[in-house]
Amino acid sequence: MLDQTRPPLPPLPGVGFKPQHYLDLLDDPAPVGWLEIHAENYMGAGGRPIAMLRHLAERFPISVHGVGLSIGGEGPLDPAHLARLRGLCDWLHPASFSEHLAWSTHDIAFFNDLLPLPYTAATLTRVADHIDQVQEVLGRPMLLENPSSYLAFAESEMAETEFLAEVSRRTGCGLLLDVNNVFVSAVNLGLDPRAYVEAFPLEKVGEIHLGGHDEDADDAGRPLLIDSHGREVADPVWSLLDHVLTRSGPRPLLIEWDTDVPDWPVLAAEATRAASALERIPA
Amino acid sequence: MNPRPSPVAQATFREALLRPDAAVPEGLGDGHGGPAGRRFAVYRNNVAVGLTDAVLEGFPTLRALLGEEALRAIAAPFLRAHPPSSPLMFRYGAALPAFLDDFAPLAHLEYLPDVARLDLALRAAYHAADATPLDPARLSELPPEALAGARLTLAPALRLLRSPWPLYQIWQLAHHDGPPPQARAEDLLIARPAFDPQVYLLPPGGAVFLQALARGAPTAEAAEAASAETPTPDLSAILGLLLQGGALTDMELPR
C-alpha cells in the first residue's frame, strides 16, 4: 500500500542543501520553506553529513532527490541501492522522493551523469516497471523528473510529454517539472517551450525545479544550452515559470545550484525571486 | 517509407562515452535533421568532469603533493579504466592505490599509493558510524591486573595504515608544511574524535597492538604481540592516542 499520509512539500521556495549554508539556514532561512538533498550523499553510516541532516529535518520539510537509481537503465534496478533509499526514507521521513527520467548505470559502471533515453514503447514499459518497483520498496509514490536534452534519438516514437504522462498514468507516480530543463531541451532541439508546458500533465506536478544553464553552440553554430546548475536562473526561464504557474497554481519551487556554489545571500536572493513568482500567480 | 531506425543500445552509448576518439553512435540526432555530432560530447564532458572532480575532492593529500594538474592527468586514464561501481560517489577511488602502483609516469614516487590509501582512510572515517567514546576515567581507574584482562572495543571510524614510507611526515608536509621527511617506515592511526578525522603517528608496536585488539585479544595479549615487534612498546602512549582520538568505545572486563 502506498502511504500518502505524510504532509507534502509546501508550495514555497526551497533550495538544494549545501553543507556550506548550514549555519545560514539555521540562523535565518527566509524565504526558504523546505530543503532538497541528494540521496546518495547521505548514505554513509554516520558522521557530519548525517548529523547535519538529522538536525535540518527537525526544522524543515525535506525532499529526497535521487541521482543514482538509473530508472531508465536497460538492466534491473540495483536492489542494494533500493534498500539504501528505503533505509534513508525510513529514518528521515521525507516529504517527497524524486528521481530522473534517465539512466546512469550500465552493468556495474556508474557514470555520475543523467544519460538520455529514446521515447519508445519498450522504454516506457521498462521505466514503468522500475517505478512500480521503487514505489513498492519505498511504500510511497515518487516524482519523476523531465530531463535536459542535448540530442534526440531517431528511434523515438512519441513526445517526451506524452511519454511522461503515460508513465504517470500507468504507475500513479507524480511528476517533477524542471522548467530550466524544458527551456534547455526546447532550445537545443528546436521545440516550443510553451507548447511543451501546455502538453505537460500539470495536475501531476508535485514539485518544480529551477536552475542555471550555460550557453554553448553545436557544430552548425546553433545555440546549445548546458544544464550546469552553476549560476542564476536565466530570465526566459523565469518567464516560462510564470507561464507554468498560471496554469498549475502554486507548487513547491526549488532553486538548484550545484557547481560554483555561491554564498548564502546570492542563493537566498534566487529563492526570494521564486517567492515573488508564487505571489504573482493570478487568482 | 524509411526503415525503422535501429535502437541505440546503452552498451553502445557507454563505449562511446568513455572513449573520446570513438565515433558518435548512429541513431542520435541534433533535433534539426542532422547527426548529434559534438552534442554527444556534452555527455562525454559531463562524465569526465564529474568523475575528475570526484578524484580531486576525494584525494586532497595527493592533490596538495602533486598539484591539481598532475592529479587531473592521473584521473583521466583512471576514470576510463575504473568508472565508479556504485552511485555512492563518496566511495569512489578505492582502486586508485593499485592503479598508481602501475602508473609508469609517476613510478619514481613509490609512496604515492600509500598517500592515496591515507586519503581513502580519511574519507571512510568521515562517513563511518557514530559511537560514543569510552570515558578515559574508566580506563585510568582500573587496577593493572583488570586492565591486563580487559578487551577494548575499537570505534567504527578507526583506521590503521602501515607504510614502509614516512607517510605521517609526508601528510604533514602536504597540509601543514614541515621539514623534508626522514626515510623510515611509519604506522598511522586515523580516528574521529568528533566529526573531523585526525591522523596520529603511532609509536613502535602500536600497529601490532591495535591489530591484536581488533581481533578481540585482551590488552595483555596485545601488549605481548607488540613486544614481539619492539622491545619496550610505550603502551601508555598508545592508549593515550586511542583515547585522544575517541578510538575506544567500550571495554569488557574478565569475569
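Worth pointing out:
Conditions (1) open to solvent by 10 Å² or more (accessible area, probe 1.4 Å); (2) touching a helix residue (DSSP H, G or I) at 6+ places or on another chain (Cβ under 7 Å), marked per residue:
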{"position": "B:Thr52", "(1), (2)": "yes, yes"}
{"position": "B:Leu66", "(1), (2)": "yes, no"}
{"position": "B:Leu71", "(1), (2)": "no, yes"}
{"position": "B:Leu79", "(1), (2)": "no, yes"}
{"position": "B:Ser85", "(1), (2)": "yes, no"}
{"position": "B:Tyr92", "(1), (2)": "yes, yes"}
{"position": "B:Pro105", "(1), (2)": "yes, no"}
{"position": "B:His108", "(1), (2)": "yes, no"}
{"position": "B:Leu112", "(1), (2)": "no, yes"}
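- Per-region count, the range A:192-244, residues within 11 Å of chain B (Cβ to nearest Cβ) and in contact with a helix residue (DSSP H, G or I) (Cβ under 7 Å, 6 or more places away or on another chain): 5
- Being in contact with a strand residue (DSSP E or B) (Cβ under 8 Å, 6 or more places away or on another chain) and modelled with pLDDT of 95 or more holds for only one residue in B:Leu210, B:Leu243, and it is B:Leu210.
- The set of residues from the range A:52-100 being part of a loop (DSSP other than H, G, I, E, B) and more than 22 Å from A:Gly206 (Cα to Cα) comprises A:Gly73, A:Glu74, A:Gly75, A:Pro76, A:Leu77, A:Asp78.
- The set of residues from the range B:125-155 being within 14 Å of another protein chain (Cβ to nearest Cβ) and free of Cβ contacts under 8 Å to residues at least 40 places away in the same chain comprises B:His127, B:Ala129, B:Asp130.
- Those residues of the range A:135-157 which are hydrophobic (A, V, I, L, M, F, W, C) and within 14 Å of another protein chain (Cβ to nearest Cβ), in sequence order: A:Leu151, A:Ala152, A:Phe153, A:Ala154
Conditions tested, residue by residue: (1) within 12 Å of chain B (Cβ to nearest Cβ); (2) surrounded by fewer than 21 Cβ atoms within 10 Å (Cβ to Cβ).
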{"position": "A:Gln20", "(1), (2)": "no, yes"}
{"position": "A:Asp27", "(1), (2)": "no, yes"}
{"position": "A:Gly33", "(1), (2)": "no, yes"}
{"position": "A:Asn41", "(1), (2)": "yes, yes"}
{"position": "A:Leu85", "(1), (2)": "yes, no"}
{"position": "A:Trp91", "(1), (2)": "no, yes"}
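- Answer residue from the range A:68-82, given it is surrounded by fewer than 21 Cβ atoms within 10 Å (Cβ to Cβ) and within 12 Å of chain B (Cβ to nearest Cβ) and is nearest to B:Gln10 (Cα to Cα) among those: A:Glu74
- Every residue from the range B:1-41 that is open to solvent by less than 80 Å² (accessible area, probe 1.4 Å), closer than 30 Å to B:Phe78 by Cα, out of contact with any Leu (no Cβ under 7 Å at 6 or more places or on another chain) and facing chain A (nearest Cβ under 8 Å): B:Ala9, B:Gln10, B:Ala11, B:Arg14, B:Leu17, B:Gly27, B:Gly37
- Pick from the range A:100-128, criterion more than 11 Å from chain B (Cβ to nearest Cβ) and crowded, with 21+ Cβ neighbours inside 10 Å, ranking: farthest from A:Leu35 (Cα to Cα): A:Tyr119
- Out of A:Trp103, A:Trp91, one residue alone is at negative phi and under 19 Å from the mean Cα position of the chain (by Cα). It is A:Trp103.
- Among strands (runs of 3 or more DSSP E) entirely within the range B:136-244, having at least 2 residues that are open to solvent by less than 30 Å² (accessible area, probe 1.4 Å) singles out B:159-163, B:186-191, B:198-201.
The values are calculated or read from the model by the stated rules, or taken from the named source; none is laboratory data. The structure presented is a predicted model; accordingly, all values stated were derived computationally and were not measured. Glycine gets a Cβ as well: all are built from the backbone with ideal geometry, and neighbour counts include every protein chain shown. Side chains are part of the model used for accessible areas, which takes the heavy atoms of the whole protein and leaves out ligands, DNA and RNA. Shrake-Rupley method; radii C 1.70, N 1.55, O 1.52, S 1.80 Å.
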